[in-house]
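The values are calculated or read from the model by the stated rules, or taken from the named source; none is laboratory data. None of these values were measured; they are calculated from a predicted model. Using ideal geometry, Cβ is built from the backbone for each residue, glycine included, and neighbour counts are taken over all protein chains shown. To get the accessible areas, we keep the full protein, side chains included, count just its heavy atoms, and leave off ligands, DNA and RNA. Shrake-Rupley method; radii C 1.70, N 1.55, O 1.52, S 1.80 Å.
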Amino acid sequence: MIKKCLFPVAGYGTRFLPATKSMPKEMLPILNKPLVQYGVEEALEAGLTDIGFVTGRGKRAIEDHFDLNYELEHQIQGTGKEVLLSGIRELIERCTFSYSRQVTMRGLGHAIRSGRTLIGDEPFGVVLADDLCLGEGHGVLAQMVAVFKQFRCSIVAIDEVAEEDIGKYGVIAGEAITERIFRVTDMVEKPSSGNAPSNLAIIGRYILTPDIFDILEATEAGRNDEVQITDALLTQAQQGAVIGYKFDGRRFDCGSIEGFVEATNHCHALHERD
Ligand code: G1P
């Protein structure tokens, strides 16, 4: 039912300089696979096969990654190395990839708004690839699609975060419907110290209903003078409903060196086990 998934990938990745000076941060690998590929695999597992990238200058490597490289394919044909490309080949076969440029960087809300022509008038997923989410059993997006089927409104992934870190996130306040499902009553983007409405932070996975686009058009710049998706979602929550979903699994902030190393160690341990 939900087929489309938007990946805002235009950001500069300044937290990872100099590595990201000429390489997209989404192409940083955890073991031998770029972060963005983990995200697309998660989308595919959830049944989202129309992948849209909101891209920007210097991000060509992402387009090339989701395309065939005939020279390379020819070179390794029939060798033991072919198997290393089987995962990405499967994504290329089963998904479609579309691109739109975010010409000026005016925040995540603005990036999502820039993807409007890729999405049209249907509910869609959003993946922030530097949040690596490894679900228990089903992936996080697949879990969220199941929640969407029940509530038919926008869904945000949430996770409990330590007090000293809460100011780095969008934060919700909500009424618990079940242990994992909250009806959002308030939302604040990157609250200042002591002003967070809870310890439930928004993680980089969303399912959005398409009315978000008109709301985003009317949303003024907020925190850091950027158009915030959190502010648009608060409007949706006030006009109708937004659900916060505490997912089953682990999330790594791969936009930070600590999170990136943690994710690498975690995936390496899994790799050694298998
Ligand atoms: C963005 C969102 C924020 C969310 C976070 C998740 O912030 O604005 O609400 O909590 O992603 O990673 P950013 O990390 O781009 O500053």
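Describe numerically, in nm with one decimal, the distance between label points set 7 Å from Cα along Cα→Cβ at Asn69 and at Asp225.
3.9
So how long is each side of segment 191-274 along the principal axes, counting just the alpha-carbon atoms, biggest first, in Å?
That works out to 49, 28, 23 Å along the principal axes.
For segment 60-71, just list the computed ³J(HN,Hα) in residue order, Karplus coefficients 6.51, -1.76 and 1.60, θ = phi - 60°, integers in Hz, with x standing in for Gly and Pro.
Values per residue, Gly and Pro as x: 3, 4, 5, 4, 5, 5, 9, 8, 6, 10, 4, 4 Hz.
Over the residues of the chain, compute the C-alpha Rg and express it relative to 2.2 N^0.38 Å.
0.99
Counting only residues 5 or more places away or on other chains, whose amide H sits under 5 Å from the amide H of Val242 once H atoms are built in the peptide plane?
Val184
Cut-off under 14 Å on the C-alpha distance; same-chain residues fewer than 8 positions from Lys4 excluded. Which aspartates and glutamates are left, in chain and number order?
Glu41, Glu42, Glu45, Asp50, Asp121, Glu122
Can you list the lysines whose alpha carbon sits under 17 Å from that of Lys246, skipping same-chain ones fewer than 8 residues off?
The reachable lysines, counting only those whose Cα sits under 17 Å from Lys246, are Lys149.
Which whole-Hz couplings ³J(HN,Hα) result when phi for each residue of segment 103-116 is put into the Karplus expression 6.51 cos²θ - 1.76 cosθ + 1.60, θ = phi - 60°, listed in order with x for Gly and Pro?
6, 10, 8, 10, x, 5, x, 5, 4, 5, 4, 5, x, 3
Straight-line reach only, C-alpha to C-alpha below 29 angstrom: list the lysines that Lys81 could link to, leaving out same-chain residues fewer than 8 apart.
Of all the lysines, those that pass the test against Lys81 - Cα under 29 Å, at least 8 places apart if same chain - are Lys25, Lys33, Lys59.
Ignoring ligands, DNA and RNA, what accessible area per residue does segment 220-274 give at 1.4 Å, in Å²?
53
Going highest first, how would you order 236-245, 191-200 by mean Cβ packing within 10 Å? Don't skip to the answer; put the middle values down first.
On the way: 236-245: 19.7, 191-200: 14.7.
Per-residue mean Cβ counts within 10 Å order the peptides as 236-245, 191-200.
Quick check: net charge around Ile158, other residues with Cβ under 11 Å of its Cβ, Lys/Arg +1 and Asp/Glu -1?
Working: positive: Arg180, Arg205, Lys246, Arg251; negative: Asp159, Glu160.
Net local charge, Ile158 excluded: +2.
Which whole-number percent is the relative contact order of segment 42-120 (Cα, under 8 Å, 6+ apart)?
49
Any number yet on Rg/Rh for segment 1-155, C-alpha, Kirkwood?
Details: Rg = 15.9 Å, Rh = 16.4 Å.
Rounded to two decimals, Rg/Rh equals 0.97.
Please tell me the relative contact order of segment 24-155 in percent, rounded to the nearest whole number, where contacts are Cα pairs under 8 Å and at least six residues apart. Please report the intermediate quantities before stating the final value.
Values: 117 pairs, mean separation 48.6, N = 132.
Reported as a whole number, the value is 37 percent.
What would the Debye equation give as log₁₀ I(q)/I(0) for segment 117-235 at q = 0.15, 0.18, 0.21, 0.23 Å⁻¹, counting only Cα atoms as equal point scatterers?
Listed by q, the Debye log ratios stand at -0.70, -1.03, -1.40, -1.60.
In Å², what does the accessible area per residue of segment 24-89 work out to with a 1.4 Å probe? Write down the numbers at each step before the final one.
Details: 3290 Å² over 66 residues.
Solvent-accessible surface per residue comes out at 50 Å².
At R0 = 41 Å, how high is the FRET efficiency between Leu270 and Ala173 if r is their beta carbon distance? Nearest 0.05 is fine. Please report the intermediate quantities before stating the final value.
Details: r = 35 Å, r/R0 = 0.85.
So, using R0 = 41 Å, E works out to roughly 0.75.
In segment 1-160, what percent of the accessible surface is made up of carbon and sulfur (1.4 Å probe, ligands and nucleic acids excluded)? Walk me through the numbers before you get to the answer.
Numbers: 3920 of 7740 Å².
Reported share for carbon and sulfur atoms: 51 percent.
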